[in-house]
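Right, one structure below, let's go through it.
The values are calculated or read from the model by the stated rules, or taken from the named source; none is laboratory data. These figures come from a predicted structure and were not determined experimentally. So basically every Cβ, Gly included, is an ideal-geometry build from the backbone, and we count neighbours across all protein chains shown. The area values use the complete protein model at the heavy-atom level, side chains included, leaving out ligands, DNA and RNA. Shrake-Rupley method; radii C 1.70, N 1.55, O 1.52, S 1.80 Å.
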Amino acid sequence: MKLTGSQILLESLGREGVDLVFGYPGGAVINIYDDLFSSPIEHILTRHEQAAVHAADAYARSTGKVGVVIATSGPGATNTVTGIATAYMDSIPMVVITGQVPTPLIGNDAFQEADICGITRPCTKHNYLVKDIRDLARTVKEAFYIARTGRPGPVLIDLPKDVQVSTCDFVYPDSVELRGYKPTYAGNVRQIEKAAQMILQARRPVLYVGGGINLSAANSELLTLAEQTRMPVATTLMAMSAFPQQHPLALGMLGMHGAYCANMSVTECDLLIAIGARFDDRVTGRIDSFAEKARVIHVDIDPTSIKKNVSVDLPIVGDLKDVLAKLNASLTVKGAEVDELIEATTAWRETIDGWKKKHPMTYRSSKSVIKPQFVIEKLRELSADDAIITTEVGQHQMWTAQFFKFTQPRTFLTSGGLGTMGFGLPAALGAQAAFPERQVIDISGDGSFQMNSQELATLMQYQLPVKIAILNNNFLGMVRQWQQMFFEKRYSQTCLGLPIDFVKLAQAYGATGLRATRNDEVEGVIREAFATPGPVLMEFKISREENVLPMVPAGKAIHEMVLAS
Amino acid sequence: MKHTISVLVENEFGVLSRVSGLFSGRGFNIESLSVAPTLDPDTSRMTIVTTGDDRILEQITKQLNKLISTIKVVDFTAKDFIARELALIKVSTEAETRAEALRIVDIFRAKVIDVTPKTYTIEITGAPAKINGIIELLRPMGIKEIVRSGPVVIGRGAKGVAG
C-alpha cells in the first residue's frame, strides 16, 4: 500500500512504540499534523519548541523510553537546539523530527529555512536529512535504534515538505544494519576479574557513580556491589536518584557543591571506581589533585569517556548492568576474601563517618525568614516516596541535590551537563504526562522560572497537576553568590529588580497560586498545594543572600572547600 | 607528534563536515585532509594528518570511531606505510633561470605541465618531504602559486584495508 511521507513517519513512530509526542505545528510540518489529527498517537502542544524538547527529554528520563518531538522548519527547528544540546550532554534518548522547506528550495534562503542538520551536528548523536521518501522508514528505524542504544542521545530527522507529501510503499525494516555503529555491551571478563582483584586489595575504596546507572537501569546491581563490599558511594548530580541517599553507604553528591565527606573520601581514597560517570570539571575541581592517591577503574559504555580527562589504571568498556552483574558474581564466589576486605576497610568507613559527623550537610536555620534548604526538606517530608522532582539550574538545583534525599531511581530530573535554565517546568510537564498518577514537583528559582514560564498554559490545557515551588530570592542567585565570594559583592546584572507577583502570574493562567513569606507558613503552603487538584504554583520568599555551601572555588582541589560564609 | 590517520566513512551527505566539525569542535588540529570514494561507491576514505600527544591522539581515534558514519579508523603512525602527495607549483621563470628550473624538475623527477613566457607550472608527486625539498629550491625564483593535495597513505605489505 502506498502511503505519504507523513503517514510513513507516523506509522513508523507507531512501530517504535511511540504513543505520545511533544511539539508545535507550523507550515513545514502541517501535513504531519494533518495526519496526526486522525492518528492514535497523542500530542502535547507546548508554548515553545524548546519546552517541547525538554518535555520529551524528561519523558525519556523518567520512563527510559525514547522521547519524541515534532517542530517546524526554520525558527521552530532552531528553537529546539538548546533542548537537544541539553539532552546530548546528559545522554538522553530522543528523536526530534523537524520540517524542512521543499528539497528544490534547500539552500535558497527560502522562507523559514534553516540548515538544522548543520546546526545540530555537534549536539546530536546523529542526524539525517531525508531527501528521498524511500529512505524514510529505514531512517526512522535507525534513528530510534541509535537514540536508545549504546550511550543514548538525541537524533534529529529533517524532513522536507515535498518528501512528506510524496508517496511510496511502506515497508518497515525488521532490523538495523549500521556497519559503523556497534556498541560494546558485554564487559571484558578478564578486565572485570582484574577489577575484582583491585577491589579486594583496596583499603580505602570509593565508588563514584554517574548518570549511566539510571540509563543502564543498573541501580540494583550498584546497590548489590556497594552492600556486598561495603564500599561507600559518591554520586554525581546526574546520579542523585541512582543510589538511595538515606543509605548508610551513601556519601551524597561530590564536586563543587559536594558533601564534605564525599569530597574528602575521593581525595583520600586508594581506589576510585568510576561507573557511568565522566570526570566532569564540576566534579573533579583541579584535575591534577583529583583522587591523586588512588588507582582508578573506569567503567563506561562510551570509550571516549575513558581517559578523556584523567588517566585510568583499568578501563572497562561495556553496559554497566552487564559489567556490574559480572563483577558482583565474581566477588560473590570470593566470599572469604570479600569478608577480609570488609574487615580491612572498617577503619576507612570509620574515618568517613568521622567526616560525616564533623561537617554534615547543614545550614543555619531561622525562625523567621524562609531558608531554601528548609523548604526542600519539607517538600521531601511531605511528598510521596516516588515523587518526581525536576529543577531548573542554579542555587535551588544544588540545594535540591544536597537536601532532597532521593530514594528511587529516575525521580530526579535535572540538566546536569549543559546546565539549562528553564528546563524544570517543561520537564515537569513531560514527566507528568508520562506518569499522570504520580506527584511531580518542579523546584525552581525565580530567574530560571521566567525562562519558560509560558508552559503554565500547557499545564492548564492538559490539566497536568504539576506542583511548582519557586524559591524566590529576586536574584540570579548562583551568579550573585560568585559575585559575593569572588567579585567583592559587585552584583552586576544579577538583581532581578522589581519583584514579580508569581501568585498572580499563576492565576493569570488559571492555576492556583500560593505564597509563603515566613518560615511558619512553609508547611501549610506545601500541604495546601499537595491537596489542591491541578497545577499549583508555590512562591517562597526565601532569605535573599543565602549561599550554596560547601563550595569548591574554581581552580581549587575538591578538598579545599569553603564550608561557611 | 605528527600522526597520519586513515578514516573509512560512509559516502553520504554531510560526512566531511561531521569529521571536520569534530576536529574543530574539540580543538584538535588538522594539518591536511584529503578525501575521495574508494572502490565501493558507498564508501569514502579520508587521510588526515594531525598533531598531538598520545592522549589527544587516543581521543581523536576514539571520537572518530564514535561517529555513526565512520566504518574504520587506522592510525598509520606506528605502522610501516607509504605516503604520497601531489603538488602543482607555478614558478616565475626569467630567461636566465629557465634552465635551472628544468634541472630542478629533472632532479626531482617532476614534470612541467604548462608553460608561459614568464612561468612554468610544475607537477610533482612524492613523499611530503620531497615536495618540501623542491619548494625550497624553487622558492628563490619566485613561486607565484602552489597547490598541495595533502598526503594519501597506504600500508606496506600484502595486507590491505578493505573498503
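Annotations for the structure displayed:
- Matching entry among A:137, A:186, A:114 (being small (Gly, Ala, Ser) and either within 14 Å of chain B (Cβ to nearest Cβ) or more than 29 Å from the chain's Cα centre (by Cα) (or both)): A:137
- Residue match in segment A:391-404 (condition: modelled with pLDDT of 95 or more, closer than 30 Å to residue A:251 by Cα, of a type in the set (Asp, Glu) and open to solvent by 10 Å² or more (accessible area, probe 1.4 Å)): no
- Filtering segment A:224-255 to residues that are buried (at least 24 other Cβ atoms within 10 Å of the Cβ) and either of a type in the set (Lys, Arg) or part of a helix (DSSP H, G or I) (or both) leaves A:237, A:238, A:239.
- Evaluation of residue B:158 against (1) in contact with a helix residue (DSSP H, G or I) (Cβ under 9 Å, 6 or more places away or on another chain); (2) surrounded by fewer than 16 Cβ atoms within 10 Å (Cβ to Cβ); (3) outside any helix (DSSP H, G or I) (one fails), failing number: (1)
- Among the numbered conditions (1) farther than 30 Å from residue A:107 by Cβ; (2) open to solvent by 20 Å² or more (accessible area, probe 1.4 Å); (3) within 22 Å of the chain's Cα centre (by Cα), the only one that residue A:50 does not meet is (1).
- Residue in segment A:202-212 that is within 11 Å of chain B (Cβ to nearest Cβ), under 20 Å from residue A:90 (Cβ atoms), part of a helix (DSSP H, G or I) and under 23 Å from the mean Cα position of the chain (by Cα) present: no
- Counted residues, segment A:303-322 - those being part of a helix (DSSP H, G or I) and more than 8 Å from every other protein chain (Cβ to nearest Cβ): 4
- Residue in segment A:256-275 that is without any contact (Cβ under 8 Å) to a residue 12 or more places away in the chain, in contact with a helix residue (DSSP H, G or I) (Cβ under 9 Å, 6 or more places away or on another chain) and either in a helix (DSSP H, G or I) or open to solvent by 10 Å² or more (accessible area, probe 1.4 Å) (or both) present: no
- Selection of segment A:338-357 for residues being surrounded by 16 or more Cβ atoms within 10 Å (Cβ to Cβ) and within 20 Å of residue A:223 (Cα to Cα) yields A:338, A:341, A:345, A:348, A:349, A:352.
- For residue A:288, the conditions (1) touching a helix residue (DSSP H, G or I) at 6+ places or on another chain (Cβ under 9 Å); (2) open to solvent by 10 Å² or more (accessible area, probe 1.4 Å); (3) within 14 Å of chain B (Cβ to nearest Cβ) all hold with the exception of (1).
- Residue in segment A:102-110 that is assigned to a strand (DSSP E or B) and open to solvent by 10 Å² or more (accessible area, probe 1.4 Å) present: no
- Of all the residues in segment B:31-43, those that are closer than 22 Å to residue B:148 by Cα, within 14 Å of chain A (Cβ to nearest Cβ) and open to solvent by 40 Å² or more (accessible area, probe 1.4 Å) number 0.
- Scanning segment B:44-60 for residues that are open to solvent by 30 Å² or more (accessible area, probe 1.4 Å), modelled with pLDDT of 95 or more, within 14 Å of chain A (Cβ to nearest Cβ) and not in a helix (DSSP H, G or I) turns up at least one hit.
- Total residues in segment B:124-142, condition in contact with a strand residue (DSSP E or B) (Cβ under 8 Å, 6 or more places away or on another chain) and open to solvent by less than 50 Å² (accessible area, probe 1.4 Å): 10
- The sole residue among B:67, B:102 that is crowded, with 17+ Cβ neighbours inside 10 Å and either over 19 Å from the mean Cα position of the chain (by Cα) or within 14 Å of chain A (Cβ to nearest Cβ) (or both) is B:67.
- Residue among A:312, A:369 that alone is touching a residue at least 12 places away in the same chain (Cβ under 8 Å), of a type in the set (A, V, I, L, M) and closer than 26 Å to residue B:60 by Cα: A:312
- Filter result (part of a helix (DSSP H, G or I) and under 19 Å from residue A:170 (Cα atoms)) within segment A:117-144: A:133, A:134, A:135, A:136, A:137, A:138, A:139, A:140, A:141, A:142, A:143, A:144
- Any pair with Cβ under 7 angstrom, 6 or more apart, that starts in segment A:405-432 at a residue that is over 16 Å from residue A:383 (Cα atoms) and ends at one that is among the β-branched types (Val, Ile, Thr) and assigned to a helix (DSSP H, G or I): A:415/A:86; A:418/A:86; A:420/A:82; A:420/A:86; A:423/A:86; A:429/A:458
- Candidate set: segment B:4-21, residues that are at the interface with chain A (Cβ under 8 Å from one of its Cβ atoms) and out of contact with any Pro (no Cβ under 8 Å at 6 or more places or on another chain); chosen: the one least open to solvent (accessible area, probe 1.4 Å): B:9
- Every residue from segment A:219-234 that is free of Cβ contacts under 8 Å to residues at least 60 places away in the same chain and in contact with a Ser or Thr (Cβ under 9 Å, 6 or more places away or on another chain): A:234
- Within segment A:12-30, the set of residues being touching a Ser or Thr at 6+ places or on another chain (Cβ under 8 Å) and crowded, with 19+ Cβ neighbours inside 10 Å comprises A:22, A:23, A:24, A:26, A:28, A:29.
- Residue A:539 of a type in the set (Asp, Glu), surrounded by fewer than 18 Cβ atoms within 10 Å (Cβ to Cβ) and at pLDDT 95 or above: no
- The number of residues in segment A:140-163 being closer than 15 Å to residue B:17 by Cβ and away from chain B (no Cβ under 11 Å) comes to 1.
- Of everything in segment A:164-183 that is among the aliphatic types (A, V, I, L, M) and away from chain B (no Cβ under 14 Å), the residue that is surrounded by the fewest Cβ atoms within 10 Å (Cβ to Cβ) is A:171.
- Options A:98, A:63; residue that is away from every other protein chain (no Cβ under 14 Å), touching a helix residue (DSSP H, G or I) at 6+ places or on another chain (Cβ under 6 Å) and surrounded by fewer than 18 Cβ atoms within 10 Å (Cβ to Cβ): A:63
- Residue A:44 being within 23 Å of the chain's Cα centre (by Cα) and within 18 Å of residue A:434 (Cα to Cα): yes
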